[in-house]
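Visitor: Structure provided below as structure tokens; questions to follow.
The values are calculated or read from the model by the stated rules, or taken from the named source; none is laboratory data. Note that the coordinates shown come from a computational prediction; the quantities given were computed from them, not determined experimentally. Cβ placement follows ideal geometry from the backbone for every residue including glycine, while neighbour counts extend to all protein chains displayed. SASA here: full protein model, heavy atoms, side chains in, ligands and nucleic acids out. Shrake-Rupley method; radii C 1.70, N 1.55, O 1.52, S 1.80 Å.
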Amino acid sequence: MSWGWYSYDMDDPDNDYCAKTDVRDDGTVHRYEATDGSFETGHGHAVYGSMDDYLDGSEPDWVRSSYHPASYGRAWEER
């Protein structure tokens with residue numbers, strides 16, 4: 001991983017949205033959305049081919065929703 005950041009809605013304390021975005025050395029962008037606002041509950045995973053695709057709002061090349069059954073209880077190491 002080259003670099004990354006966490007995102008949350010700091011303007012709305014009632015919103016439980018939380019995500020982590022990683023930009024990898026190969027240029028792909030990996031976005032992990034917490035399930036029900038908690039990485040302890042689980043997380044989804046989306047992969048974009050490039051930062052341009054991510055910033056343009058393109059559909060991810062691969063995605064597992066944070067609400068998919070395989071996302072619940074998923075350990076962080078199992079990304």
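Visitor: Please enumerate the residues belonging to the stretch 28-41 that are in contact with a helix residue (DSSP H, G or I) (Cβ under 7 Å, 6 or more places away or on another chain) and either at positive phi or at pLDDT below 90 (or both).
Guide: Within the stretch 28-41, Thr35, Phe39 meet the criteria.
Visitor: Would you confirm whether or not the stretch 15-24 contains a residue that is on the phi < 0 side of the Ramachandran plot, exposed (fewer than 15 other Cβ atoms within 10 Å of the Cβ) and of a type in the set (Gly, Ala, Ser)?
Guide: The answer is no; no qualifying residue exists.
Visitor: Also: List pairs: first residue in the stretch 28-50 and in contact (Cβ under 8 Å) with a residue 40 or more places away in the chain, second residue part of a strand (DSSP E or B) and acidic (Asp, Glu) anywhere in the structure, Cβ distance under 8 angstrom, at least six positions apart or on different chains.
Guide: His30/Asp22; Tyr32/Asp22
Visitor: Moving on. Which numbered condition in (1) among the hydroxyl-bearing types (Ser, Thr, Tyr); (2) open to solvent by less than 80 Å² (accessible area, probe 1.4 Å); (3) out of contact with any helix residue (DSSP H, G or I) (no Cβ under 6 Å at 6 or more places or on another chain) is the only one that Tyr72 fails?
Guide: It fails just one condition, (2).
Visitor: Which of the following residues is modelled with pLDDT of 90 or more, more than 11 Å from the chain's Cα centre (by Cα) and open to solvent by less than 50 Å² (accessible area, probe 1.4 Å): Gly49, Gly44, Gly57?
Guide: Gly49
Visitor: If you check Asp9, Asp36, which single one turns out to be in contact with a strand residue (DSSP E or B) (Cβ under 9 Å, 6 or more places away or on another chain), closer than 18 Å to Ala75 by Cα, of a type outside the set (Phe, Trp, Tyr) and loosely packed, with under 15 Cβ neighbours inside 10 Å?
Guide: Exactly one of Asp9, Asp36 is in contact with a strand residue (DSSP E or B) (Cβ under 9 Å, 6 or more places away or on another chain), closer than 18 Å to Ala75 by Cα, of a type outside the set (Phe, Trp, Tyr) and loosely packed, with under 15 Cβ neighbours inside 10 Å, namely Asp36.
Visitor: Let me ask something else about it. In the stretch 20-46, what residues are in contact with a Gly (Cβ under 9 Å, 6 or more places away or on another chain) and hydrophobic (A, V, I, L, M, F, W, C)?
Guide: Val23, Val29, Ala34
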